[in-house]
Amino acid sequence: MIFNLLRQFSTAVIRGHHPCGMLREINIARLIVLLGGIMFCCVAQAQQPAPGFDEALGRQAFQVVENWVRRARVPDQTLGIEATGVRAVQVTLRREGVTLGQGHAAVDDPRAQVKLPAVDIMPLLQSAVRDAMRELVQSINEVSQLTEVAQQVQLDIQFVAPVQPVRINRLAELPRAITLDLDGLALFDGHRWAWVFPGNRIAANTNLQGQLNHLLGDLNLPPTQLASIGQPNGPSLYRFRVTHLVQPEPGAKPDALYRGNVLWPPSPLNDAALKLVRGQLLEHLLKRHIGQGVFAGTYEPTADRYNPPTARPVDAALAAYALARVSNLKTLQPALREQALEVCTAAVIELAAEEQDLAGTALTLMAMLESPEAASLKGPRLRLATTIGRMQQPDGHFNLFDRAPAADGGGRSATLSADALAAAALTAYYDRTRDPNILRLIQRALDAIWKQIDASSDPSDELAATLPWLINAEIRLARIGKATARYPVLAGQLMQVVKGQVRPWAVGADDDAARDIVGGYPIGVGLFDEPDWQTARVLTAQSMLLQAPDLIAEKDRPQWLVSASMAARFIAQLNMQAPSCYYVRNPTEAIGGTRTAFWDNRQPLYATAMSLLAITELEQSLQR
């Protein structure tokens, strides 16, 4: 019932009505808190990942196992703990992110049944812990050190729910038949079971192909049997959920993790949470600056390495632009503002001297124009703007590089996203110079971009590819008195993307749905049809729209703010927090960075930079 009330309230706001006169009496911040409370209550009851299992019993068992581990001995006899909803357990022992031992145990038939009997989970845990301790002894190569090492390990237990069959006609359907890293996988050959547990999969960052190969290997089946999985003549594939309890440090109370993370409430972020997330993103981004305007490349938490060691120039330019924008926040601490501007200036000076593609050139110009040092960089600014102008084609689109056409005429055109970036950069330059020649380039570019969007079979998907840069260009042009015919309908156009947001009542009504994706935008759909870091691009565009006083009517503003704050909630969830680092050897490098997706823990520079930009623009819109 409460889902229906929340849906009716949101629909009323979308249509411009004021249900119960509510919007006349409360401000936006209180509205967000109110809706957040309702959303939290709606979804809180549906967050248990292993249905039917009482987490309190899991914590009770965890405490018993903790005593076994610290004593480095598993007793032959122990008090039983009966529980429904558990058919297997996985125990992992780690020290500073390194796995030293693991073991698992399962009932004879872990499949779901109509009437599920309770089982004593302690014999399962005894067996799993013994296996993990044996591996621990082999890892340290010194039995005499066992007692000492046993005090240093972090305990990780996954309680496995009954397995469910994965029904697919062919293996290519698998990515959409499971939720990667929320679902574990099990393979049964008629006699034996093989397992991939989600908490360990997250730690290894293994792709789906790697998981299937692992399952086949455990059953002594060759990789050539891959296509037979799920077929009548092949092994049967199952999926399962877990209740995952992990110690943040040896001896500490365990965190309950959901797909490897502590689950944020399914509600909009308030001001304090926004500042917290922005601070983490900024600290992480500043840490990625190696020196002299160069940033470290993609961080891989599992391997504790940067690969490549340094970021692409286009990603460094985006980072510089995000740092320039965040420095404009009134609430930013002076010391952080000074550091952000120092790194931004170093980056744009370095980048301006390099030959880049269209996107990198445009972002460098935008960062330069945002920097207070821009006045002293008039020459480089002119050169960058001129370069972008030379790259424009007669039809308004742009070339990828400022070079002579290739002999075969191929590989020349930039993406629509880069076209939009070029338009945004030229608009920012025109804001400074009021050069009519630049204005003509901008108008030609915007016409070409909108023409391509209109001609697409899916205009909203095509529009999403341009975000946030197309919105940025249109709003800036309007602000200086050169609004295009598209400007008045920007909100309606963007709403076609925004309405695809994952809503809390959508996942609350489906026991199988992922809870962590609430607030995300599934744009640029990839293999798993889940929102990823690109939600930050939509949030940035939303927040820019909210800063334009004439685009969103006051009666519609609450709807837009709640939606934007929910997107910020998704970004917060996607960022690496301390509990997410249970398998990370160097947590300080990972915390605060934005992952590519929940199923890919790599942290590209562009994902963190765009997330910082998104949160910054949202804060700016709230200061309006």
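The values are calculated or read from the model by the stated rules, or taken from the named source; none is laboratory data. Note that the structure is a prediction, hence the values are computed from the model and not measured. Reconstructed Cβ throughout: ideal geometry from the backbone, glycine too, with neighbour counts over all protein chains shown. What goes into the accessible areas is simple: the full protein's heavy atoms, side chains included, and nothing from ligands, DNA or RNA. Shrake-Rupley method; radii C 1.70, N 1.55, O 1.52, S 1.80 Å.
How much mean residue ellipticity at 222 nm does the chain get from its helices, if each DSSP H run of length 4 or more adds -39500 (n - 2.57) and you divide by all residues, to the nearest 500 deg cm²/dmol? Value at 222 nm, helices only, nearest 500: -14500 deg cm²/dmol.
Calculated from the structure at hand, semi-axes √(5λ) of the Cα gyration tensor in Å is found among (i) 47, 27, 24; (ii) 54, 34, 25; (iii) 54, 33, 20 as (i).
What is the angle, in °, between the Cα long axis of helix 334-352 and the longest principal axis of the Cα atoms in the chain? Nearest 10 is fine, range 0 to 90. Approximately 70 degrees, to the nearest 10. Label-to-label distance, Arg337 versus Ala227, with points set 7 angstrom from Cα along the beta-carbon direction: 6.4 nm.
Extension gain for the segment Asp271 to Asp304, taken as residue separation times 0.36 nm less the Cα-Cα distance, is 8.6 nm to one decimal.
Here the gap between Gln393 and Ile290, fully extended at 0.36 nm per residue and compared with their Cα-Cα distance, gives a gain of 33.4 nm.
Relative contact order for the range 88-212: 25 percent, from Cα pairs under 8 Å spaced at least 6 residues apart, divided by residue count. Ranked by the mean number of other Cβ atoms within 10 Å of their residues, highest first, the peptides 334-346, 356-368, 478-490, 90-102 come out as 356-368, 90-102, 334-346, 478-490.
Annotation: amide H of Glu96 within the under-5 Å range of Gln154, sequence separation 5 or more or interchain, hydrogens built in the peptide plane.
Summing +1 for each Lys or Arg and -1 for each Asp or Glu among the other residues whose beta-carbon sits under 11 angstrom from that of Ala424 gives -2. Pairing the Cα long axis of helix 378-390 with the longest principal axis of the chain, what angle in degrees results, from 0 to 90 and rounded to the nearest 10? Result, in degrees: 80. Against the chain, whose longest principal axis is taken from its Cα atoms, helix 605-622 shows a tilt of about 70°. Ranked by the mean number of other Cβ atoms within 10 Å of their residues, highest first, the peptides 324-330, 389-395, 607-613 come out as 607-613, 324-330, 389-395. Apolar share of the accessible surface for the range 229-284: 49 percent from carbon plus sulfur atoms, 1.4 Å probe.
Count the net charge of all other residues whose Cβ sits under 15 Å from the Cβ of Asp120, scoring Lys and Arg as +1 and Asp and Glu as -1.
-3
Of the solvent-accessible surface of the range 409-517, computed with a 1.4 Å probe over protein heavy atoms with every protein chain present, carbon and sulfur atoms account for 47 percent. Here the gap between Ala118 and Ile480, fully extended at 0.36 nm per residue and compared with their Cα-Cα distance, gives a gain of 123.4 nm. Surface analysis of the chain yields an accessible area of 41 Å² per residue, using protein heavy atoms and a 1.4 Å probe. Could you tally the net charge around Pro198, taking each other residue with its Cβ under 11 Å from the Cβ of Pro198, Lys/Arg +1 and Asp/Glu -1? Within the 11 Å Cβ shell, the charges total +2.
Here the spin labels are modelled as points 7 Å beyond Cα on the Cα-Cβ line, and at Glu55 and Asn220 they lie 4.1 nm apart.
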